[in-house]
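To start, the structure under review is shown below, and the notes come after it.
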Amino acid sequence: MAKMTMVQAINLALKQEMEKDDRVIVLGEDVGRDGGVFRVTDGLIDQFGEDRSLDTPLAEAAIVGMSIGMAVYGLRPVCEMQFSGFSYLAFHQIECHVARLRMRSQGMCQVPMVIRAPYGGGIRALEHHSESREAYYAHTPGLKMVIPSGPRNARALLVSAIRDPDPVIFYEPKFLYRAFREEVPEEEETMPLGKPQKVREGKDLTLISYGAMMRATLEAAEALKEEDGVETEVIDLLTISPLDHGLLTESVEKTGRAVIVHEAPRSFGPGAEIVARLVEKSFFYLEAPIARVTGFDVHIPLFSREKMYLPGKERIIRAARKVLNT
């Protein structure tokens, strides 16, 4: 298998799905001739032409609005928000139409579309380029909210998202775009949406994370083993909504302790929902309060202080040790 970055793996998913199904259309700002600001769509216009790799005006509401029409009339658009912070300009389209059309039409209209958006910090970007606002979409009925954590699962999840009959918000952690390579099979591979994955087996503590924070979480798990002899179980959510808590409760009922890690702000973030589910389902198995390691309840700062905001390995280790010693 070839080793790929996340950019290459997502590009492969788009290319193969466009080859397989001529209903798949890619559209967005600079996705055609320039191959996207991060070159995720590089080469697609050369292979599929301007009608299927479509450069749009700088108008997010129009991009999403066009995609809705395409989806309702039988195409499978994959539209790109150049940065997740720009998607707010299309939020009325997403909330009022993308998320509601199936319900509003009593199932007669499906909206099989994907909204791709690079999200999160770590690349020294400007305001509206670095936030982590997945809770907006996870809280919106009618949407699926997917966040991969590596090249291989990014490719497999995107293929599943494109084929899904319902709209999917697909957040891509741009900090990981070229951070590492992973073996990705050339042949078709999918992963089910709505299912977390156990990526490390353990018995003493459960670490739950997703997206860009998975790397720091796995590094913390390894350090806890080497320095403290702690066997940590690590779960990658992959899908924020719908949230399948079965694997989470199973793990916590085994370990009795949990730490949740995400870079989104702490208050009302995905971690709060996970804590609520664990308390509802596994309260009598808990041996210590559940800890959260998150971003702060402020806008992510500019690059000079960005590292202070983002959760890292040391913050995760400190939280884990506190839970373990409670």
Review point. Looking only at 276, 156, 117, which one moves most when the chain is put into a Gaussian network model with springs between Cα atoms under 10 Å?
Key: 276
Check your understanding: What residues qualify as long-range amide H neighbours of residue 99, i.e. H under 5 Å apart, gap of 5 or more or another chain, H built at 1.01 Å from N?
Key -> none
Revision key, fill the gap. Under the Karplus relation with 6.51, -1.76 and 1.60 and θ = phi - 60°, whole-Hz ³J(HN,Hα) for segment 145-157, x at Gly and Pro, equal 10, 10, 9, x, 10, x, x, 5, 6, 5, 4, 5, 5
Study note, to complete from the structure: Around residue 76 (Cβ within 10 Å, Cβ-to-Cβ, excluding residue 76; K/R +1, D/E -1) the net charge comes to -2
**Study point:** segment 197-324, accessible area per residue, ligands and nucleic acids excluded (1.4 Å, Å²)
**Key:** 46 Å²
Review point. Using a cut-off of 19 Å between alpha-carbon atoms, which aspartates and glutamates can reach residue 203, once sequence neighbours fewer than 8 places away in the same chain are excluded?
Key: 219, 222, 226, 227, 228, 231, 233, 236, 250, 253, 287
Review point. Too long at a 32 Å Cα-Cα cut-off: which of 15/225; 3/313; 15/313?
Key: 15/225; 15/313
Study note, to complete from the structure: For residue 205, other-chain or 5+-apart residues with amide H closer than 5 Å (H placed, Pro excluded) are 233
Revision key, fill the gap. Long-range amide H partners of residue 54, meaning residues 5 or more apart or on another chain whose placed amide H is closer than 5 Å, are 26, 27, 28
Practice item. May I ask you to list the lysines whose Cα is less than 16 Å away from that of residue 195, ignoring any residue fewer than eight positions away on the same chain? Key: 144
Check your understanding: Taking a probe of 1.4 angstrom, what is the accessible area of residue 189 in Å², to the nearest 10?
Key -> 40 Å²
Review point. So what is the relative contact order of the chain, in percent, for Cα pairs below 8 Å that sit 6 or more residues apart?
Key: 16 percent
Practice item. May I ask for the distance between the Cα centers of segment 82-151 and segment 222-291, given as a whole number of Å? Key: 24 Å
Review point. Carbon and sulfur: what percent of segment 197-324's accessible surface (1.4 Å probe)?
Key: 54 percent
Check your understanding: Kirkwood Rh over Cα pairs of the chain into Stokes-Einstein at 20 °C, 1.002 mPa s: D in µm²/s?
Key -> 107 µm²/s
**Study point:** Net dipole in debye of segment 197-324 [+1 Lys, Arg Cβ; -1 Asp, Glu Cβ; about Cα centre; nearest 20]
**Key:** 320 debye
Point to revise | Positive dipole terminus of the chain, leading residue within 57, 38, 245 (C-beta point charges) | key: 245
Exercise for review: For segment 120-126, take each phi angle, set θ = phi - 60°, evaluate the Karplus expression 6.51 cos²θ - 1.76 cosθ + 1.60, and give the result in whole Hz per residue in order, putting x for glycine and proline.
Suggested key: x, x, x, 10, 6, 9, 8
Review point. Once the dipole of the chain is set up with Lys and Arg at +1 and Asp and Glu at -1 on Cβ about the Cα centre, which of 312, 97, 272 lies farthest towards its positive end?
Key: 272
**Study point:** Considering only the chain, percent of DSSP beta bridges that pair antiparallel, nearest 5
**Key:** 20 percent
Practice item. Run the numbers on segment 186-267 and let me know its relative contact order in percent, using alpha-carbon pairs under 8 Å that are six or more apart. Key: 44 percent
Review point. Of all DSSP beta bridges in segment 197-324, what percent run antiparallel (nearest 5)?
Key: 20 percent
Check your understanding: Which whole-Hz couplings ³J(HN,Hα) result when phi for each residue of segment 90-95 is put into the Karplus expression 6.51 cos²θ - 1.76 cosθ + 1.60, θ = phi - 60°, listed in order with x for Gly and Pro?
Key -> 10, 5, 5, 5, 5, 6
Study note, to complete from the structure: With +1 at each Lys and Arg Cβ and -1 at each Asp and Glu Cβ, the charge dipole magnitude of segment 87-246 around its Cα centre, to the nearest 20 debye, comes out at 800 debye
Exercise for review: Working with all protein chains in place, sort 181, 133, 116 by solvent-accessible area computed with a 1.4 Å probe, largest first.
Suggested key: 181, 133, 116
Revision key, fill the gap. Burial-style ranking of 240-251, 160-171, 197-208, 44-55, average other-beta-carbon count within 10 Å with highest first, yields 160-171, 197-208, 240-251, 44-55
Check your understanding: In whole Å, how far is the Cα centre of segment 163-180 from that of segment 20-46?
Key -> 15 Å
**Study point:** segment 1-119 - accessible surface per residue (Å², probe 1.4 Å)
**Key:** 43 Å²
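The values are calculated or read from the model by the stated rules, or taken from the named source; none is laboratory data. Please read these numbers as outputs of a predicted model, since none were measured by experiment. Heads up, the Cβs are rebuilt from the backbone with ideal geometry, glycines too, and the neighbour counts pull from every protein chain shown. What goes into the accessible areas is simple: the full protein's heavy atoms, side chains included, and nothing from ligands, DNA or RNA. Shrake-Rupley method; radii C 1.70, N 1.55, O 1.52, S 1.80 Å.
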